[in-house]
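Engineer: Sending over a structure as structure tokens; questions will come in a sec.
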Amino acid sequence: MEFGFFAQGAVPEPMARTNPRLEHDRIMDSVEIGVRCEEFGFKYVWASEHHFLTEYSHMSCPEVYLPFVAARTERVHVGSAIINITPR
């Protein structure tokens with residue numbers, strides 16, 4: 001069985017009201033979890049791309065997050081899980 005981590009960077013409103021740095025903290029927590037995934041034998045770290053969905057998923061730039069995780073790991077696979085492409 002293969003396991004993975006799906007990084008989303010959610011910033012729930014109740015928590016955001018009390019912590020103005022919550023968005024940064026959540027992204028850095030996701031980086032740390034991604035690095036730890038390798039230690040625990042997880043195979044994948046996925047990241048979504050959503051804008052303005054703070055309560056659910058709030059990672060607008062997985063192409064920055066994923067290389068940051070990859071630079072700190074050796075074996076874990078990284079990839080984009082959801083990309084919101086606007087139709088023409």
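Engineer: If neighbour count is taken as other Cβ atoms inside 10 Å, put Phe5, Phe52 in order from fewest to most.
Structural biologist: Working: Phe5 20, Phe52 7.
If I rank by nearby Cβ atoms, fewest first, I get Phe52, Phe5.
Engineer: Sort Val76, Val31 so that the residue with the fewest other Cβ atoms within 10 Å of its own Cβ comes first and the one with the most comes last. Don't jump to the answer; show the numbers that get you there.
Structural biologist: Values: Val76 21, Val31 17.
In order of increasing Cβ crowding within 10 Å: Val31, Val76.
Engineer: Got the relative contact order for region 4-83 handy, in percent, Cα pairs under 8 Å and 6 or more residues apart?
Structural biologist: Working: 144 pairs, mean separation 29.1, N = 80.
Result for region 4-83 is 36 percent.
Engineer: Whole-Hz Karplus ³J(HN,Hα) for region 7-18, in order, using 6.51 cos²θ - 1.76 cosθ + 1.60 and θ = phi - 60°, x for Gly and Pro?
Structural biologist: 7, 10, x, 4, 10, x, 3, x, 6, 5, 5, 9
Engineer: While we're looking at this one, here's another question. Quick one: angle between helix 22-39 and the longest Cα principal axis of the chain, in degrees between 0 and 90, rounded to 10, please.
Structural biologist: In the chain, helix 22-39 runs at an angle near 10 degrees to the longest axis.
Engineer: How do Tyr56, Tyr44 rank when sorted from fewest to most other Cβ atoms within 10 Å of their own Cβ? Spell out each step's value before the answer.
Structural biologist: Numbers: Tyr56 12, Tyr44 16.
Ranking Tyr56, Tyr44 by Cβ neighbours within 10 Å, fewest first, gives Tyr56, Tyr44.
Engineer: Just to be sure I understand: with springs between alpha-carbon atoms less than 10 Å apart, which residue in Arg75, Arg17, Arg36 has the highest mean-square fluctuation in the Gaussian network model of the chain?
Structural biologist: Maximum fluctuation in the GNM of the chain, among the listed residues, is at Arg17.
Engineer: Now for a different question. Go ahead and estimate [θ] at 222 nm for the chain from helices alone: -39,500 (n - 2.57) per DSSP H run with n ≥ 4, summed, over the residue count, rounded to 500. Let's see the in-between values first.
Structural biologist: Details: 3 runs with 34 residues, N = 88.
That calculation yields -12000 deg cm²/dmol at 222 nm.
Engineer: Please work out the Cα convex hull volume for the chain and give it in Å³ per residue.
Structural biologist: Numbers: hull volume 9.8 nm³, N = 88.
Normalising the Cα hull of the chain by residue number yields 112 Å³.
Engineer: Kindly write out, for region 71-78 in residue order, the coupling ³J(HN,Hα) from the Karplus curve 6.51 cos²θ - 1.76 cosθ + 1.60 (θ = phi - 60°), rounded to whole Hz, with x marking Gly and Pro.
Structural biologist: The phi angles translate into 5, 9, 10, 10, 10, 5, 8, 10 Hz.
Readers should treat all values here as calculations from the given coordinates under stated rules, not as data from a laboratory. Computed from a predicted model, the values in this text were never measured in an experiment. Backbone-built Cβ (ideal geometry, glycine too); neighbour counts: all protein chains shown.
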